[in-house]
Amino acid sequence: MSQKPGILADRAIASLFENGNLIAGAPRDHDQIQPASLDLRLGAKAYRVRASFLPGPGHKVEDKLSRLSMHEIDITEGAVLETGCVYIVELMEALKLKDGLSASTNPKSSTGRLDIFTRVISDYAQEFDIIPAGYEGPLYLEISPRTFPIIVRQGSRLSQIRFRTGQSVLTEAALLALHERETLVASEMPNVSGGGIALSIDLAGEGLVGYRGKHHTGVIDVDRKAGYDILDFWEPIHGRGKGELILDPDEFYILVSREAVHVPPLCAAEMTPFDPLVGEFRVHYAGFFDPGFGHAGAGGKGARAVLEVRSHEVPFILEHGQIVGRLIYENMLEMPETLYGAGLGSNYQAQGLKLSKHFKAG
């Protein structure tokens, strides 16, 4: 494998299975590989644990589970995971990474838009969602539904993994040059700082600007598409021309970026939260943007970034145009065989303000 720095594309991800670097407990799903990532599948058992944890050096996840597990749940045919609880599920995919090949994980877009807090844990880990080069062992997913109770089953896909060699993040100078060639965000004066290009919030006008999650709803089956009425789970938010929104503490909001986003075919991107010192709120649960997102050649013609927002501790006023996140861009090792949105059944290409795929079109 080339040691040139970059993100592995779909063809190389498939070869990881063939070379034994990726080990699956079942045959691969036909649509499991994305342009620059792999969807991870839940195994057969979920463990309700007392609290989130990291195993730390010298410890395996299963050792901590034996001490912290409250009960075991068979999810082979489906089971309900309740809000406010923490569950650990061993994933069907395990790793045997070569030296020089590392990985990171992130919730899938639909997972974030349902306010399902997920993080991948590996043996001996001192941080979530980061798998060091050369790691050999199983992967586990921590799942904590925050707003809606959910139904999951063996094979459900809530998280995704991205593989890379070396340091592939574009410098600010390279990012600005790429923006000048490719228009990464639809902004006349892009804010490039902190290693990324800024995104701001869209709260303009008097129409629909977002949604707030309702409490005490029914359950959502994470594998069911277009099966639920929006108003049973969401309260629409209209702008009323004020250009601002007061975030109530511990409420969950779906909002949208003011700028359209473009990820060129030879790049992958990830959204990271803006400096928390600007306000007591968290933006983004699911941050991977695949090559071709918003790309005209893949049917995108620009696509907004949907933002999952939660305020903490105190009410906070968001104003139209306020910076809420940054896009970090990385180089691909090669062009993906298929771009995001091009024949992949991608749910969010050319999107504006859009809820997850589970809800009927309004």
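The values are calculated or read from the model by the stated rules, or taken from the named source; none is laboratory data. These numbers were taken from a predicted model, which means no experiment stands behind them. Glycine gets a Cβ as well: all are built from the backbone with ideal geometry, and neighbour counts include every protein chain shown. Side chains included, ligands, DNA and RNA excluded: accessible areas come from the protein's heavy atoms. Shrake-Rupley method; radii C 1.70, N 1.55, O 1.52, S 1.80 Å.
Counting only residues 5 or more places away or on other chains, whose amide H sits under 5 Å from the amide H of Ala305 once H atoms are built in the peptide plane?
Ser257, Val261
About its Cα centre, what dipole magnitude does the chain give when the only charges are +1 on Lys and Arg Cβ and -1 on Asp and Glu Cβ, stated in debye to the nearest 20?
360
Based on the Cβ-Cβ distance of Lys98 and Val169, what FRET efficiency does E = 1/(1 + (r/R0)^6) give at R0 = 30 Å, to the nearest 0.05?
Efficiency for this residue pair is about 0.90.
Over what distance in Å are the Cα centres of segment 107-122 and segment 6-79 separated?
Using only Cα atoms to place each centre, the spacing works out to 13 Å.
Gain in length, Arg50 to Met189, computed as 0.36 nm per residue apart minus the alpha-carbon separation, to one decimal in nm?
45.3 nm
Which pairs, out of Lys4/Lys98; Lys225/Lys354; Lys45/Lys360; Lys242/Lys357; Lys45/Lys225; Lys60/Lys96, put more than 21 Å between their alpha-carbon atoms?
Beyond 21 Å: Lys45/Lys360; Lys242/Lys357; Lys45/Lys225.
Compare Glu244, Glu188, Glu90 in a GNM of the chain, Cα atoms joined below 10 Å, and give the one with the largest fluctuation.
The residue that fluctuates most here is Glu188.
Taking only Cα atoms and a 10 Å spring cutoff, compute GNM fluctuations for the chain and point out the largest among Met70, Met332, Met189.
Met189
Would you rank Arg157, Arg310 by solvent-accessible area, highest first, keeping every protein chain in place and using a 1.4 Å probe?
The residues order as Arg157, Arg310, largest area first.
First measure r as the distance between the Cβ atoms of Glu182 and Lys4, then evaluate 1/(1 + (r/R0)^6) with R0 = 25 Å and state the FRET efficiency to the nearest 0.05.
0.75
Taking springs between alpha-carbon atoms closer than 10 angstrom, which of Asp74, Asp29, Asp248 fluctuates most in the Gaussian network model of the chain?
Looking only at Asp74, Asp29, Asp248, the biggest GNM fluctuation is shown by Asp29.
Does segment 172-331 come out rounded, prolate or oblate, given a ≥ b ≥ c as the square roots of the eigenvalues of its C-alpha gyration tensor, rounded meaning a/c under 1.5 and, failing that, prolate meaning a/b above b/c?
prolate
Using 0.36 nm times the number of residues separating Ile230 and Glu206, minus their current alpha carbon distance, what extension gain do you get?
Stretched fully, the Ile230-Glu206 segment lengthens by 6.6 nm.
May I ask you to give the percent of accessible area on segment 172-331 that is carbon plus sulfur, with a probe radius of 1.4 Å?
50
Can you give the charge dipole size of segment 51-141 about its Cα centre, rounded to the nearest 20 debye, using +1 on the beta carbon of Lys and Arg and -1 on the beta carbon of Asp and Glu?
So the dipole magnitude of segment 51-141 works out to roughly 260 debye.
Kindly report, to the nearest 10 Å², the accessible surface of Asp63 as traced by a 1.4 Å probe over protein heavy atoms only.
80
From the helices alone, meaning DSSP H stretches of at least four residues, give me the mean residue ellipticity at 222 nm for the chain, per-run term -39500 (n - 2.57), in deg cm²/dmol to the nearest 500.
-2500 deg cm²/dmol, from helical runs alone.
5 Å is the cut-off here: which amide hydrogens, built 1.01 Å from N in the peptide plane, fall below it relative to Leu101, excluding neighbours closer than 5 in sequence?
Result for Leu101 returns Gly134.
In terms of solvent-accessible area of protein heavy atoms at a 1.4 angstrom probe, what is the ranking of His215, His295, highest value first?
So, going from the largest accessible area down, we get His215, His295.
For segment 95-226, what is the Kirkwood hydrodynamic radius in Å, using each pair of distinct C-alpha atoms?
Mean inverse Cα-Cα distance, inverted, gives 18.3 Å.
Consider just the alpha-carbon atoms of the chain and return their Rg together with their Dmax, both in angstrom.
Just the Cα atoms of the chain yield Rg and Dmax of 19.8, 57 Å.
Amide H of His358 versus every other amide H placed in the peptide plane: which residues, excluding those fewer than 5 positions away on the same chain, fall under 5 Å?
Here Ala226 satisfy the definition.
In square angstrom, what is the accessible area per residue of segment 172-331 with a 1.4 angstrom probe?
Each residue of segment 172-331 exposes 43 Å² on average to a 1.4 Å probe.
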